[in-house]
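The values are calculated or read from the model by the stated rules, or taken from the named source; none is laboratory data. What you see is a predicted model, and the numbers here were worked out from it, not measured in a lab. The area values use the complete protein model at the heavy-atom level, side chains included, leaving out ligands, DNA and RNA. Shrake-Rupley method; radii C 1.70, N 1.55, O 1.52, S 1.80 Å.
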Amino acid sequence: MVKHGKHAIRSLRQAGSALKALRQSRKMTQKQLADLTGTAQSTISDIETGVVSVSLDVYLRLLEALGCDLTVTDRTTDADLI
């Protein structure tokens, strides 16, 4: 289960799971998200299950429709530097 907030995503399956959790938290169906983004509902299903890889452009369009941003962070922490 993906919680609200920041998510470390290191695989297609994790990205799909995060997208699904965001969509569901907004009480949106796959069909509604598909209609908002011009993406096929079956493609959204495949993304959410990690079956298919899509371009970054498509993923960003889906995140935009959900009111989210993609953020890149450095894994290095202060503890790693000691």
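Collect the residues in region 48-60 that are outside any loop (DSSP other than H, G, I, E, B) and open to solvent by less than 90 Å² (accessible area, probe 1.4 Å), keeping them in residue-number order. First the steps, then the outcome.
Restricting attention to region 48-60, the residues satisfying the condition of being outside any loop (DSSP other than H, G, I, E, B) are 48, 56-60.
Hits for region 48-60 are E48, V58, Y59, L60.
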(request) Identify all residues within region 18-41 that are open to solvent by 70 Å² or more (accessible area, probe 1.4 Å) and in a helix (DSSP H, G or I); write none if there are none. (result) K20, Q24, K31, Q32, D35, L36, Q41
(request) Considering only residues that are open to solvent by 90 Å² or more (accessible area, probe 1.4 Å) and part of a loop (DSSP other than H, G, I, E, B), look in region 1-17 and name the one that is modelled with the lowest pLDDT. (result) M1
